[in-house]
Amino acid sequence: MKNWLVAFVFLALSWGTAQAKVVTQTVDYKDGDTVLEGYLAYDDSVTGKRPGILVVHEWNGLGHYVQGRCEQLAQLGYVAFAADIYGKGVSLDTPEACKAEATKFYGDRKLLRRRANLGLDQLKNNPMVDPAKTAAIGYCFGGSAVLELGRSGADLSGIVSFHGGLDNPTPADAKNIKAKVLVCQGGADQFTLKSLPAFEKEMDEAKVDYKVIQYDGAVHGFTNPDNKGTMPGVKYDAKADKASWKAMKEFFNKIFKS
């Protein structure tokens with residue numbers, strides 16, 4: 001009898017696991033003649049429409065790190081779509097190449113906003129997504145991108161930037177932000193914190209509903225385990241990574257509660 005019960009429980013758990021599966025796929029879309037390749041993740045056991053999360057990659061492009069974040073979001077019950085800002089097949093493996101590519105978009109904020117909005121369109125047009133409940137998150141370069149998405153006037157419930165760039169050549173555009181904003185920064189991030197006072201002024205003057213959280217001792221890139229500290233000022237911090245992900249989840253629970 002005892003063995004039968006154990007077997008039954010095992011089969012029940014196995015069946016439940018089989019029913020809950022994160023499905024992933026690449027999605028081609030275009031900006032004019034430029035082909036972009038996004039990454040979609042969702043849990044196929046969830047029925048009905050659900051909130052969608054746009055994810056924007058770091059300065060090295062759309063790779064395994066952001067794909068993994070999409071899968072984590074899918075496990076939480078969201079539909080996650082990683083936008084491709086650079087273009088299909090753009091693969092960067094040196095800091096010099098990453099800086100050169102990212103600089104193209106930092107220098108052309110209209111292009112950056114357009115590419116981010118095209119990704120948002122892909123997310124909102126997905127039949128599994130409730131288009132009235134969407135948010136955008138981004139890492140480093142991607143953090144800058146989702147803030148620019150907000151400044152473009154995109155219809156979003158929330159924006160989360162993880163160790164993202166905060167500078168903005170057109171601060172008056174903050175008046176276009178409709179979303180609540182959460183900014184998660186390393187307390188020792190020498191690359192982004194110098195822009196924080198101007199960012200806070202920008203948000204305050206535009207009356208944006210925002211919050212900045214700083215993690216003591218964390219430097220730039222603190223959420224990515226691939227950052228081993230070989231680049232000065234860029235290193236993973238497990239404690240700050242865990243805390244910022246928790247802050248994001250609480251933020252989403254709040255903005256999507258209705």
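Taking the Cβ of V90 as the center, what net charge do the other residues with Cβ under 9 Å away carry, scoring Lys and Arg +1 and Asp and Glu -1? Don't jump to the answer; show the numbers that get you there.
Values: positive: K88; negative: D84, E101.
With Lys, Arg at +1 and Asp, Glu at -1, the neighbours total -1.
The trypsin sites (Lys or Arg not before Pro) of segment 132-215 meeting both criteria, a DSSP state outside H, G, I, E and B (loop) and at most 12 other C-beta atoms within 10 angstrom of the site's C-beta, are K207. Summarising the amide proton neighbourhood of S45: residues at separation of 5 or more, or on other chains, whose placed amide H is nearer than 5 Å comprise K21.
Treating the angle as unsigned and between 0 and 90°, give the value, to the nearest 10°, between the Cα long axis of helix 109-124 and the longest Cα principal axis of the chain. The helix 109-124 is inclined about 20 degrees to the chain.
Pairs of Cα atoms nearer than 8 Å and 6+ residues apart set the relative contact order; for the chain it is 13 percent. Amide H to amide H distances under 5 Å link N224 with D237, where only residues 5 or more positions off or on other chains count and H is placed in the peptide plane.
For segment 230-245, the Karplus equation 6.51 cos²θ - 1.76 cosθ + 1.60, evaluated at θ = phi - 60°, returns couplings of 6, 9, x, x, 10, 7, 5, 9, 4, 5, 5, 4, 4, 5, 6, 5 Hz by residue, with Gly and Pro reported as x. Computed from Cα atoms, the angle from the helix 196-206 axis to the main principal axis of the chain rounds to 90 degrees.
Just the number, please: percent antiparallel of the DSSP beta bridges in segment 40-255, rounded to the nearest 5. Antiparallel bridges make up about 10 percent of those DSSP assigns within segment 40-255.
Remark on V212: its backbone amide H falls under 5 Å from those of V183, a criterion applied only to residues 5 or more positions apart or on other chains, H modelled at 1.01 Å from N. Considering segment 40-255 at the alpha-carbon level, its Rg and Dmax are found to be 15.9, 46 Å.
What is the order of S244, S157, fewest Cβ neighbours within 10 Å to most?
Details: S244 23, S157 20.
Ascending Cβ contact count within 10 Å gives the list S157, S244.
With neighbour counts taken as other beta-carbon atoms within 10 Å, the residues D121, D108 rank, fewest first, as D108, D121.
Values in this text are rule-based calculations from the coordinates and carry no lab data. Not measured: the values here are computed from a predicted model. Virtual Cβ from ideal backbone geometry, glycine too; neighbours counted across all protein chains shown.
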